[in-house]
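Note sheet for the following structure.
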Amino acid sequence: MAHTPTSHSPSGLTRPPWRASVLTLFPEAFPGPLGVSLAGQALDAGLWSLKLLQIRDFGIGRHRAVDDTPAGGGAGMVMRADVLASAIDAARQDDADLPLLYMSPRGNPLTQERARSLSAGPGVMVLAGRFEGIDERLIAGRGLTEVSIGDYVLSGGEIAAMVLLDACVRLIPGVLGASASLVHESFEDGLLEYPQYTKPRDWEGRPTPEVLLSGDHAKIAAWRRSEAVRITRERRPDLISSKENG
Ligand code: ADE
């Protein structure tokens, strides 16, 4: 499924949508969860577009082979550099301006900062690999930037690509109803988020913290900040060290 809508800002000026182009052996996996809720509504509204390219269309021979055995031996199969290069070169004809990313556990970790900077650009072109990985020569040959979504191994890059796209899309102006809701969420200020409460005021003997019912906005802000610092210190001391005096 390809989505290539145009977008109109509330002021009536046309803003080009943020473009995602995904190269995959499983285009049918998309948009998947990106087709519902905020990301899905934004896709329908033309705030971003999603193009899918089937790598197998560039495969070799009658069977459209995209992979082969690893040089030097070993288990599994490796995606061919020539096939992937043809796919990338075709995708780039329309989208030469997009940064070219390869989802891989070897890559630089995806961070909120990275998502923010990608969401501020024209979009992303993402290669989702399968099997034991891709021929190393493609990475330099086509200037791929490797991106990891965490220290674990997925069976393919599609879910990782969706994670990256979701993190970027929700930061596109107009995608989130209230952009203020971004200000205090986890990582935006280098801290994990403070705890949230809603009704009922008392639930199973667990009351809502009194300060949140006080109506004293300065006191509430101070409490939230100190909770954010406490939770971050407990769970992610690696994040807090640089924020201790901030
Ligand atoms: N592909 C397989 N595992 C991955 C990971 N952890 N991050 C990004 N892409 C991947």
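I'd like to know if the range 59-66 contains one or more residues that are closer than 23 Å to Asp94 by Cα, in the same structural domain as Ser119 (by TED's automatic domain parsing), small (Gly, Ala, Ser) and part of a helix (DSSP H, G or I). No: zero hits. Counting just the residues of the range 82-111 that are polar (S, T, N, Q) and surrounded by 13 or more Cβ atoms within 10 Å (Cβ to Cβ), which one comes out farthest from Leu165 (Cα to Cα)? Top of the filtered list is Ser86. Listed by first and then second residue, the pairs linking a residue in the range 149-163 that is under 20 Å from Ser119 (Cβ atoms) to a residue that is near the ligand (Cβ under 6 Å from one of its atoms) and assigned to a loop (DSSP other than H, G, I, E, B), with Cβ atoms under 7 Å apart and 6 or more places separating them unless they lie on different chains, are Ala160/Ile149; Ala160/Leu154; Val163/Ile149. Residues in the range 173-206 that are modelled with pLDDT of 95 or more and of a type in the set (Ser, Thr, Tyr): Tyr194, Tyr197, Thr198. For the condition without any contact (Cβ under 8 Å) to a residue 40 or more places away in the chain, more than 21 Å from the chain's Cα centre (by Cα) and not in a strand (DSSP E or B), Ala85 does not qualify. Could we say that Leu164 is more than 16 Å from the ligand (Cβ to nearest atom), crowded, with 16+ Cβ neighbours inside 10 Å and either assigned by TED's automatic domain parsing to the domain that holds Ala128 or not in a helix (DSSP H, G or I) (or both) here? Criteria not met by Leu164. The requirement of being over 22 Å from the mean Cα position of the chain (by Cα), more than 16 Å from the ligand (Cβ to nearest atom) and without any contact (Cβ under 8 Å) to a residue 12 or more places away in the chain is fulfilled nowhere in the range 102-125; no residue meets it. Summed over the range 135-156, the residues that are outside any loop (DSSP other than H, G, I, E, B) and within 11 Å of the ligand (Cβ to nearest atom) give a count of 3.
The values are calculated or read from the model by the stated rules, or taken from the named source; none is laboratory data. Nothing here was measured: the structure is a model prediction, and the numbers come from that model. Cβ atoms come from the backbone with ideal geometry, glycine included; neighbour counts cover every protein chain shown.
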